[in-house]
Each structure stands twice: as C-alpha cells, then as structure tokens.
1. Given the peptides 194-207, 159-172, 63-76, arrange them by the average over their residues of other C-beta atoms within 10 Å, most packed first.
2. Quick one: Karplus J couplings for segment 80-88, per residue in order, coefficients 6.51, -1.76, 1.60, θ = phi - 60°, nearest Hz, x for Gly and Pro?
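Derivation of every value follows stated rules applied to the coordinates shown; laboratory data play no part. Here the structure is a predicted model, which means the values were calculated and not measured. Backbone-built Cβ (ideal geometry, glycine too); neighbour counts: all protein chains shown.
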Amino acid sequence: MTTSPVDQDLLQPTSPLRTPRAAAVAGIVFSVLLIAALVLLEVATPADPASPGAWLTDSGRRRVVSIALNLIPFAGIAFLWFVGVIRDRIGRREDRFFATIFLGSGFLFVGMMFVAAAVAGGLIATAGSRHSGSGGATLALGRNVTDALLGIYTVRMEAVFTLTTVTIARHTKIVPRWLSLAGIAVAVVLLVGVQISVWVELLFPAWILALSLDILIAGRRAAAGDAAGAGGR
C-alpha cells in the first residue's frame, strides 16, 4: 500500500529548524520588550500611587512612560506568537486540560496587560492636556487600577501560565529539568511573594527568556546533528 505525498508529510516529525527557532525568537523579543517596559515604568513613576502629580507634570517622565507603554503592544504580539509556536511544537502530545489552562492564562495575561497599558496611557493623555480638569483623586484612581492589574492579577496569570508550561514541558520533555525547577520557583514567588518587591514582576519575562534561549540552543544542536549525519552518509 502506497501513501500519498500529503500522508507522507503528515507522518513526518516536526522540523527542528523552524518551530524551535520561531518560538525562541518570539520569546526573546517578548522578554526583552517587557523587561524594558517594566524597568522604564518603575524608574519613571513613584512608588506611592497617592502622589501621582509629580511625575505626571514632568514632561520627561511622561515621555519615558509613553515609550514603555508603546513597547507593551509589541511585547503582547510576540507573546501570542510564542504561545502559538510552543503549542505547535507540542503537537499531538498536547493534553486538552492543560492546553485550556495554557491558552486561557496566556490570553488573560495579554488582555489585562493591554488594559493596564490603556489606563496608564489615558492618565498620560489626561495629564498632558491643557484643558484637563481631572483632580488628584481621579489620577490616583487610575494609578491604583494600573498597579492592581499589573501587580496582582497579571502576575497571578503569569504564575498559572508558568506552572502549566512547566507541567507540559515535563510530560513532553521539551525543556531540561533545571529549567522546569526554575519555572516552579518563579511561579511560587509570583503567586505568594509578589509583595516582596516590585522587581518580582521581572521574574516571568526572565524565565521566558531562559526558556527561549534553551529552545534556540537545542534547535541549533539538532540542526548541527542533522547536518553531521547527512554529511557522513
């Protein structure tokens, strides 16, 4: 019995050259952009949400915050690409239960991050308007909403996404053991230790960066091995 070219393509394993490299590039872009945005936001805005006036009246700080907010949409796009490519890499080994949590937490993370950026952007636009009549209470409310979205809800979705990714990775063995253990530690800190420091938020993009670099290195090793095997024939 002969198989058609289409059937032969379906029987071929996932190429080690395309999917891992695409996932690695998307993850690296997301990590770099999100880390840059979070660092700029923390540096340019005060720690106390009750005193929003000082930084909103400073054109230099508003410019820095605007740059950070403009990076977030691109970070979200890269993250969605990363999620899609990782899921494609898992392929038929994907479990529906974990796949649902994986996708759901990823979508909620991006959605809430975009909402927080939109609220912060509204604050910047309001403060920069000459005819703005907003009082300090309104500005403080917007800052508190942004902080709650980024520091509470978004961080918890990051933890759920990390735990789910680690679980899938352990079953499919697509990442090394040390990276899985690091992911569990990051998820625990994000779940219960977010109040320790504002810089805890950087743990998630840092772990995604480590995961992406590992995928990129593994893809290059596989490509080198295939090239060596082909050259020896």
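1. Values: 194-207: 16.7, 159-172: 20.3, 63-76: 18.3.
My ranking of the peptides, most packed first, is 159-172, 63-76, 194-207.
2. 4, 5, 4, 4, x, 6, 4, 5, 5
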